[in-house]
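**Student:** Please read through the structure below; I'll follow up with questions.
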Amino acid sequence: MKYFRPIIIGLYFSFSAIQLSLAESLDSASSINQALENADLIRSSDIEKFRQKLSDISQIQHQLTTEQQNYLNYLQAYNLAYTGKTLEAEAILRDISNADVSINLRHRAAATLVNLAAIAENWSVVMSILPQVVTEVSQVTDERTKTVILMAVAVTYNRMNQYELGYEYAKNLLSIAKSPRNICFAHKLMVEAQLNLNQIYEFGPETDKAITLCNEANESLEVSEIRSEAAKKMLEHQRYKELIRYLNQFLAQAEQTKYNKVISEFYSMLAEGYFMSGDMQIAKEFALKSINTGKELGNAEPKVRAYHVLYKINQRQNNYQKALEYHIQYAIADKKNLDAIKAKQIAFQLGQQNYIEQQNKIEKLDHQNKLLTVEKQLSQSNANRNQLMMILLFIGLVIAFSWAYRIKRSHEKLRLMAEYDELTGVYSRAHFKIIAKSTLEYCNHTEQEVCCIVFDLDQFKNINDSFGHSSGDWVLKTVVDLCLAQAPQQTIISRIGGEEFCMLMPATPLIGALNFAQTCRKEIEKIVTADTGHHFNVSASFGVTSSRLSGYSLDALLADADTAMYVSKKMGRNRVSQHFRELDSPGDKQHQDELPQSAAKY
């Protein structure tokens, strides 16, 4: 033991000397505040150096003030989010938002929390925070904090597919950006929005400028994300060989970012490119790498694409058991991805309604405060009491009538927004559920059959992406008008998702609903799109069930019709499928001869 004692003492003094040297270097070269600022500045351009700086500052954590500790916590939350540990990062940011910290750090934490919730696709959390963050951005005086907020808002709107809003906030960010990093981010977000709005070419001057600026700022992650967006356009236009050359040229740079989302996207697009070019082995390797890299990303688009490639490869190689396994994984991931897209749209609409209601409450309180101010002024003055009382009464009446009128208009507007879909004029999902449940209770009581039809427009995202949202809106309104023209008077029609609709048909037999769905399908197929200025095909996939098959529960009817509709999708789209189950009497089975186990083409 005596031989180890000098070694232990030596190690102790060496470790103490390292700590002392580190503390002296931070104190002499710059303050702790400056060390935190330096780490903040390189957090996206040099992730390894950023992490080393955090580690260095943590070594002298006992010297930090409360504000400095919270700043360090904020940067550590960013590091956790970068590695995919969003839940841990969110918990830290919430603690900072509730702590006694500077107003600027609180604003930055809230903005980053919005961004993380968007990455985690927790849209209800996003819309519970985002309106307040957007409202407060005009009140922020610190330029750096304002930059962080504008960046987070633009990123979040782009993630919610609200690219017009994302572009506007990115332009606002560019107007105040001074550092090369922030200028890079602004241009990257603008290009991302414009590409998705089909306003620019993937190799146009805007894209080249954004890449050049981000390279100059050493923001390799942003460069890789811009190239990923450009590659998606190549994939969309089926330029597979060009896609392969482009992605392979910049794959190493993307891998060096160590950001799994971007790397997984590169791999999945390479997998599809190689598959469509006939190279099955390389396609399979990249598809498996994409799934493995993106395993913590949920059912995002790269995973959907990778599973689909693996399914197609095994199908082509006659490995049907493996093909079936991958097809199941693809179907699950695809449905969850579609559900996530619909959840974004619903969360955005609800958030907008809640914001309007909140603004009305604030306006009401403002009116009340003005009235109280007038009363206080009147109570302090003894002169001209009667005249002032008349003025007070008049002001009160004007405010009351004005407020009553605005409340009435606001309530009417909110009622219409809540009950009807603004674009198509049919019932909203929430109001449809109220009417449908009442109708089902009545039909159940009177023993009348009720049919439920769910249909979804095929390849609708491609229409929006290729021809613009105005063309997509035209298609939605035209489809609804055609269905309304064909529908029996008692039919209840609702838009229950982005391009998904439901029709409830009381007092209608199953064969009647199937015939009606088939009529609607044929009419939709005949739509001529010349009015949009473009020529493209429109079709829809239908799922049909009835209370005889699914009972009188709205949830069961919707679920079974939705399942049948997905069967139509998987069987090639542009068809009508019926939910199927064994019925009790021979009469019940007369319309179900030769149907598959889950559903059938009508």
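**Student:** Quick check, is Phe542 surrounded by 17 or more Cβ atoms within 10 Å (Cβ to Cβ), of a type in the set (Phe, Trp, Tyr) and over 32 Å from the mean Cα position of the chain (by Cα)?
**Tutor:** Details: surrounded by 17 or more Cβ atoms within 10 Å (Cβ to Cβ): yes; of a type in the set (Phe, Trp, Tyr): yes; over 32 Å from the mean Cα position of the chain (by Cα): no.
Judged against the criteria, Phe542 is not a match.
**Student:** Within the range 290-334, track down each residue that is open to solvent by 30 Å² or more (accessible area, probe 1.4 Å), in a loop (DSSP other than H, G, I, E, B) and either under 19 Å from Ser264 (Cα atoms) or acidic (Asp, Glu) (or both).
**Tutor:** Residues satisfying the conditions are Lys295, Glu296, Leu297, Gly298, Asn299.
**Student:** Would you call Thr147 polar (S, T, N, Q), buried (at least 24 other Cβ atoms within 10 Å of the Cβ) and in a helix (DSSP H, G or I)?
**Tutor:** no
**Student:** On to the next question. Out of everything in the range 35-54 that is open to solvent by 20 Å² or more (accessible area, probe 1.4 Å) and acidic (Asp, Glu), what residue ends up being modelled with the highest pLDDT?
**Tutor:** Checked the range 35-54; the qualifying residue modelled with the highest pLDDT is Glu48.
**Student:** Let me ask another. If you check Asp531 against the conditions, is it free of Cβ contacts under 8 Å to residues at least 24 places away in the same chain, among the charged types (D, E, K, R) and more than 22 Å from Lys570 (Cα to Cα)?
**Tutor:** Here the answer is no, as Asp531 does not meet what is asked.
**Student:** List the pairs whose first member sits in the range 252-276 and is surrounded by fewer than 19 Cβ atoms within 10 Å (Cβ to Cβ), whose second member is among the small types (Gly, Ala, Ser) and part of a helix (DSSP H, G or I), and whose Cβ atoms are under 8 Å apart, counting only residues at least 6 apart or on separate chains?
**Tutor:** These pairs meet every condition: Gln253/Ser220; Gln253/Ser224; Gln256/Ser220.
**Student:** Please specify each residue of the range 179-233 satisfying the condition of being open to solvent by less than 20 Å² (accessible area, probe 1.4 Å), modelled with pLDDT under 90 and farther than 24 Å from Met160 by Cβ.
**Tutor:** The one that is open to solvent by less than 20 Å² (accessible area, probe 1.4 Å), modelled with pLDDT under 90 and farther than 24 Å from Met160 by Cβ: Gly204.
The values are calculated or read from the model by the stated rules, or taken from the named source; none is laboratory data. None of these values were measured; they are calculated from a predicted model. Cβ coordinates were reconstructed from backbone atoms using ideal geometry, including for glycine residues, and neighbour counts include every protein chain displayed. Surface accessibility is based on the protein's heavy atoms, side chains included, excluding ligands, DNA and RNA. Shrake-Rupley method; radii C 1.70, N 1.55, O 1.52, S 1.80 Å.
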